[in-house]
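Below: the structure, in structure tokens.
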Amino acid sequence: MSFEPAIPQKQPYVLDAQEGDKKAWCACGLSESQPFCDGSHSRQGTGMSPKVVVCEKSGKIAWCGCKRSANAPFCDGTHKTLD
Ligand code: FES
Ligand code: FES
């Protein structure tokens, strides 16, 4: 059975980013450094890994906090459909 990601929060983490920043978004939801990976996925044996992206431009990014976005690592509004 595959690991069901945890839901750190049902809204995005909106943060400033700089063009060229490389970020590892936490897909498992267990990181204590949300929205980014802190290695918990490995320590807790989730079988998951982070999504690594390079920011294409400077500005605000809405990182998915519910871990259910179809456009992860970015928020696509799916959090609004969660109970
Ligand atoms: Fe969640 Fe690494 S801690 S993907
Ligand atoms: Fe996950 Fe918006 S926070 S889709």
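The values are calculated or read from the model by the stated rules, or taken from the named source; none is laboratory data. Just so it is clear, the structure is predicted and the values come from calculations on it, not from any experiment. Cβ atoms come from the backbone with ideal geometry, glycine included; neighbour counts cover every protein chain shown.
The table below gives the values:
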{"read-out": "From the options Lys10, Lys23, residue that is within 16 Å of ligand 2 (Cβ to nearest atom), among the basic types (Lys, Arg), surrounded by 17 or more Cβ atoms within 10 Å (Cβ to Cβ) and at pLDDT 95 or above", "value": "Lys23"}
{"read-out": "Selection within region 42-57 - free of Cβ contacts under 8 Å to residues at least 40 places away in the same chain and closer than 25 Å to Thr81 by Cα", "value": "Ser49, Pro50, Lys51"}
{"read-out": "Cross-chain or 6+ apart pairs with Cβ under 8 Å, region 9-34 first and hydrophobic (A, V, I, L, M, F, W, C), then outside any loop (DSSP other than H, G, I, E, B) and surrounded by fewer than 14 Cβ atoms within 10 Å (Cβ to Cβ)", "value": "Val14/Lys60; Leu15/Lys60; Ala17/Gly59; Ala17/Lys60; Ala24/Val52; Trp25/Val52"}
{"read-out": "Leading residue by the ranking (farthest from ligand 1 (Cβ to nearest atom)) among those in region 30-39 that are surrounded by 18 or more Cβ atoms within 10 Å (Cβ to Cβ) and more than 14 Å from Phe74 (Cα to Cα)", "value": "Leu30"}
{"read-out": "Region 28-52, residues that are touching a strand residue (DSSP E or B) at 6+ places or on another chain (Cβ under 6 Å) and aliphatic (A, V, I, L, M)", "value": "Val52"}
